[in-house]
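The values are calculated or read from the model by the stated rules, or taken from the named source; none is laboratory data. Just so we're clear, the structure is a prediction, and the values are computed from it rather than from any experiment. All Cβ positions, even for glycine, are placed from backbone atoms using ideal geometry, and neighbour counts span all protein chains on display. Keep in mind that these areas ignore ligands, DNA and RNA; they rest on the heavy atoms of the full protein, side chains included. Shrake-Rupley method; radii C 1.70, N 1.55, O 1.52, S 1.80 Å.
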Amino acid sequence: MESELQTSGVTSNIMPLAFPRGKEKFCELCKREAYLQCNRCRVTFYCNAEHQQADWVGIHERICHLLVRIRTPTEMIDHAARRDDQLRKAELIEICRLVAQSKLSEGKYEEALPAAHCCLHTSIDVHGPNTVQLLPSYLLLAEANMGLDNLAVVAELLCQAKWVVLKHPESCPLIQQQLHRSLGRFHAADGNLEAALHHFANDVYFSSEEYGLDSINASKGYFLMAEVFVRQGKIPVARSLYSKVAHTWHKHLSNLLYHRTEISQKRAVSSQSFYEQSQRVEMDEMLRAMLEFEQKQFRKDGAQIALLAHSLAMLWFLGGDLQKALGFGTTALQASQQITKHDLTEPVQRLLQQVQSLQTEPQPGSG
């Protein structure tokens, strides 16, 4: 009901005489003939109210004002005017990309589609068809459709993405890595586990080429491979890969925590600056999945449980969620104390002391 109130009165019927003959208008989302237009920008059109509503919630509310300058026909002879137009379109692409990524991280796949579509169409307008700059848009659309279980659409989008990369063999390793990760996820969703492992292995290879073998970027590929091995019943292999991922993230988060402590001793620092919310959610899901996997094993590895719980405690301490940091820190301490002279016991205790000291600090404006 709230979203209906937000968009009421935003559209009106298209007046055919208002546009030149032969200049039909098409729906922003499905490209069918449009009958409605946005009353605010008057340059965006829809086939029905449902598509207008979906676009408004997904992206249009944020970019309506930008589209007026971009889509209003002008005779741009001046070089500076053309440059400004390209800059506005580049800004639009970036906004759409970030919005789509944010909604995907929240599991809002339907809402991510309008932003991903706008990102693709504007990228084609700026860079042309079959250019490597279109790859991020194709992959965003593929991920959104994968979340909606539209695997036939995902297959078509990834074929287009593969064609783009094949036409540009000079593409950087990061481009190759992103494509293989999406292909691996598609094959895993489709049940072709051997093909999924092949692409995840390539994901690790290209990530390692760009960032190094033990980087956190490569660790996501290892994690995805481990998930496939779990589905194949190859638990020892999966546990080995999970262990590698866990140690990589623990080292990374320990370094972040150390630097945060050093900085905060010199000046006030916002915990929110270390990671965006979408990144924290993704890391939380990965670390939590590994922790729950280990806790369900018949023969639990206490050291691995302590390592993962400590990583989650550090992650949420850095993210400013003291309650989650306390919960995971307590789990880590209990696991480490069951192992004689475990080297994590002291760091976990220090972290818990930091959490508790912050919880007892008076809040601004209190008392």
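Tabulated results
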{"quantity": "With Cα atoms, 0 to 90° folded angle of helix 193-211 axis to the chain main axis", "calculated": "90"}
{"quantity": "Separation of the residue 125 and residue 193 label points, Cα + 7 Å toward Cβ, nm", "calculated": "4.6"}
{"quantity": "Zero-based 20 Å bins, Cα pair distances in the chain, whole percents", "calculated": "24, 48, 26, 3, 0"}
{"quantity": "Sulfur and carbon atoms: percent of accessible area, region 113-152 [1.4 Å]", "calculated": "53"}
{"quantity": "Region 108-209: trypsin sites (Lys or Arg not before Pro) in DSSP loop, at most 15 other beta carbons within 10 Å", "calculated": "167"}
{"quantity": "Simple spin-label estimate for residue 31 and residue 151 in nanometres, 7 Å along Cα-Cβ", "calculated": "2.5"}
{"quantity": "Inter-label distance for residue 81 and residue 330, nm, one decimal - labels placed 7 Å from Cα along Cα-to-Cβ", "calculated": "6.6"}
{"quantity": "The chain: relative contact order as a whole-number percent, Cα under 8 Å and 6+ apart", "calculated": "7"}
{"quantity": "Alpha carbon convex hull of region 158-217, volume per residue in cubic angstrom", "calculated": "70"}
{"quantity": "Mean-position separation - Cα centroids, region 101-146 and region 186-249, in angstrom", "calculated": "24"}
{"quantity": "Estimated [θ] at 222 nm from DSSP helical runs (n ≥ 4, -39500 (n - 2.57)) normalised by residues in the chain, nearest 500", "calculated": "-23000 deg cm²/dmol"}
{"quantity": "Total formal charge among the other residues, if their Cβ is under 14 angstrom from that of residue 35, Lys/Arg +1 and Asp/Glu -1", "calculated": "-1"}
{"quantity": "Region 117-163 - convex hull of the alpha-carbon atoms, volume per residue in Å³", "calculated": "55"}
{"quantity": "Charge dipole magnitude, Cβ of K and R +1, D and E -1 - the chain, Cα centre, debye nearest 20", "calculated": "300"}
{"quantity": "Cα-centred dipole magnitude for region 46-185, charges only on beta-carbon of K, R (+1) and D, E (-1), debye, nearest 20", "calculated": "340"}
{"quantity": "Unsatisfied cross-links (Cα-Cα over 32 Å) in the set 167/234; 244/341; 220/300; 162/220", "calculated": "167/234"}
